[in-house]
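Visitor: Dumping the structure here so I can ask a few things about it.
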Amino acid sequence: MPTTRPRKLSVAGVEVSITVERLLAERIKRAWINARPGPASGAPLYRNGAPVLNGTTVQDIDWYHTLDLGNGVVTPGFVDHREQVAQYQFPASLAGKRCLDVATFDGFWAFEMEKRGAAEVIAIDLYSRADCDYPSNWSKEELTPKFRTIAGTGFAYAKQALNSKVQRKVLSVYELSPDVLGTFDFVFMSDLLLHLRDPLRALESVWSVTRGEALIAECYDGALETTGELGAMRFVMGADDYSGYHWWLPSVSALRAMMTVARFQDVEEVARFDLAVGANGILPKVVFRAGHGGGQEA
């Protein structure tokens, strides 16, 4: 967008200088991220074999998820779940179910729910990476500029390319409640707890909106498992380019205990496996299935 001379406005007697084009670009980007899909006949245009949506191509986006968008277009994601979907033990069919994907990022799991016939899929995530759960006394200016990038661009691109009806809501896991989003037949959350200051509070929020089944897939600390420190959690510190700040890595037994404290019932471990991330990274994952169990906020 061309650079233009800032315009001056008087607000309550104070002169303020703004660049109108920047504000307009921000508004357009927000609208696109939360846009509804077009009709099936309104297929995206293609340039060099890749969809062009609102002037954006696959190469313009910093992808976290590897997504197959059809027509030979695959996004260059940091994490490729495609070969390991079966290990997460998703229900074979979600027909007629109302489903929730917590911390959706580019929407891989939300679109997977839709493929399995979900009647409605809500996907939640933050507005920008700067809204991640950082230490409260850190200044956003201390962080890399990537963290100030608006989130959801990849999701919006994929949603339109797939002609999806998944709805993305700007919402923190801490803000989940039946009053805000209602309750869900199936809830999925993966790789989020290690990025949270208060993972137990997050699990309590997820429990509050689960009326059916929840699937919680998280990283765990294999060293704590081998040393026999059951119920332990390791405090880890640092930020990364994709998912915000790292706080904790639990043992498998600690994660199970937290789910129980959060009032999940029938907590069952259904899988353990290694997830490949980036070029050479490996993360040990555990998957738990649990139910709400009735009672308060059912």
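Visitor: When Ile124, Ile216, Ile61, Ile150 are ordered from fewest to most other Cβ atoms inside 10 Å of their Cβ, what list results? Please report the intermediate quantities before stating the final value.
Guide: Values: Ile124 22, Ile216 25, Ile61 18, Ile150 15.
The fewest-first ordering by Cβ neighbours comes to Ile150, Ile61, Ile124, Ile216.
Visitor: May I pose another question? About its Cα centre, what dipole magnitude does the stretch 158-272 give when the only charges are +1 on Lys and Arg Cβ and -1 on Asp and Glu Cβ, stated in debye to the nearest 20? Display every interim value, and only then the final one.
Guide: Values: 11 positive and 16 negative charges, 83 e Å.
For this selection, approximately 400 debye.
Visitor: With label points built 7 Å along Cα→Cβ from the Cα atoms of Trp138 and Thr227, find their separation and express it in nm.
Guide: Placing both labels 7 Å beyond Cα along the Cβ direction yields 2.4 nm.
Visitor: For a Förster distance of 25 Å, can you work out the FRET efficiency between the beta-carbons of Ser93 and Asp179, rounded to the nearest 0.05? Walk me through the numbers on the way to the answer.
Guide: Working: r = 29 Å, r/R0 = 1.17.
Computed FRET efficiency for Ser93 and Asp179: 0.30.
Visitor: Still on this structure, I have one more. Rounded, prolate or oblate: which fits the stretch 152-282, taking a ≥ b ≥ c as square roots of the Cα gyration tensor eigenvalues, rounded meaning a/c under 1.5, else prolate when a/b beats b/c?
Guide: Values: a/c = 1.82, a/b = 1.24, b/c = 1.46.
In terms of gyration-tensor shape, oblate.
Visitor: Related question: How far apart, in nm, are two points set 7 Å out from the Cα along the Cα-to-Cβ line at Val270 and at Ile150?
Guide: 3.6 nm
Here, each number is a calculation from the coordinates, and none is a lab measurement. Because the structure is a prediction, the values reported are computed rather than measured. With ideal geometry, Cβ positions are generated from the backbone for all residues, glycine too; neighbour counts draw on all protein chains shown.
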